[in-house]
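See below for the structure under consideration.
The values are calculated or read from the model by the stated rules, or taken from the named source; none is laboratory data. For clarity, every value in this text was computed on a predicted model and none was experimentally measured. Don't worry about glycine lacking a Cβ; one is built from the backbone with ideal geometry, like all the others, and counts go over all protein chains shown. Heads up: the accessible areas ignore ligands, DNA and RNA and are worked out on the full protein's heavy atoms, side chains in. Shrake-Rupley method; radii C 1.70, N 1.55, O 1.52, S 1.80 Å.
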Amino acid sequence: TDSLLNLLDETGTELYTGCSKDFIFLTIKFIKKERKTALNILKEILTAPSFDKKEFSSVKEKTVALITSYQNNNDYVAIHQGAVNLIKNTEYSHSSFGERSDIENISLKDIKLFFKKYFVPENMIITFAGNFKEKQIKDFI
């Protein structure tokens, strides 16, 4: 993890991740001269993630803290509960963060199984924006 952060810093590359109720996204921004390095970083993340135990524990703790802070926010609770009541018994009635107990009980093995099941080419949409030649994109894919 530290080596990835150092590489991102050295190359001026920005990496963002997030999720919604429908999808997970990863965005990488880079300058033209760092294209090859940035695309290699992206390829490694998508095809050979490290699943670092220390980082996993850290993300778990931060996610639990985030859920707790939202549960203490009356506006969020009211909006979330209203949405839950409107769309009962669907996948959309759940928070995209997950439930606190689920996050506390999730294991690294669970994450690896999820990744193996869902992070497959058939489920991915890769979009390129910028000055790319078709061959560069085909070489990446």
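The table that follows gives values for the structure above.
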| quantity | calculated |
| --- | --- |
| HN-Hα J in Hz across segment 2-9 - Karplus 6.51, -1.76, 1.60, θ = phi - 60°, x for Gly and Pro | 4, 5, 5, 4, 5, 5, 4, 5 |
| HN-Hα J in Hz across segment 51-59 - Karplus 6.51, -1.76, 1.60, θ = phi - 60°, x for Gly and Pro | 6, 5, 4, 5, 5, 4, 4, 5, 5 |
| Accessible area of the chain belonging to carbon and sulfur atoms, whole % at 1.4 Å probe | 55 |
| For the chain: accessible area per residue (Å², 1.4 Å) | 77 |
| MRE, 222 nm, helices only [DSSP H, n ≥ 4, -39500 (n - 2.57), over the chain, to nearest 500] | -17000 deg cm²/dmol |
| Whole-Å semi-axes of the ellipsoid equivalent to segment 1-41 (Cα gyration tensor, √5λ, descending) | 21, 12, 7 |
| ³J(HN,Hα) computed for each position of segment 87-98 - Karplus, 6.51 cos²θ - 1.76 cosθ + 1.60, integer Hz, glycine/proline x | 10, 3, 6, 10, 5, 7, 7, 9, 5, 5, 7, x |
| Computed E for Phe128/His94 - FRET, C-beta separation, R0 30 angstrom, nearest 0.05 | 0.40 |
| Ile111-Lys62 pseudo-label distance in nm [points 7 Å out on the Cα-to-Cβ vector] | 1.1 |
| For segment 1-136, convex hull of alpha carbons as volume per residue, Å³ | 155 |
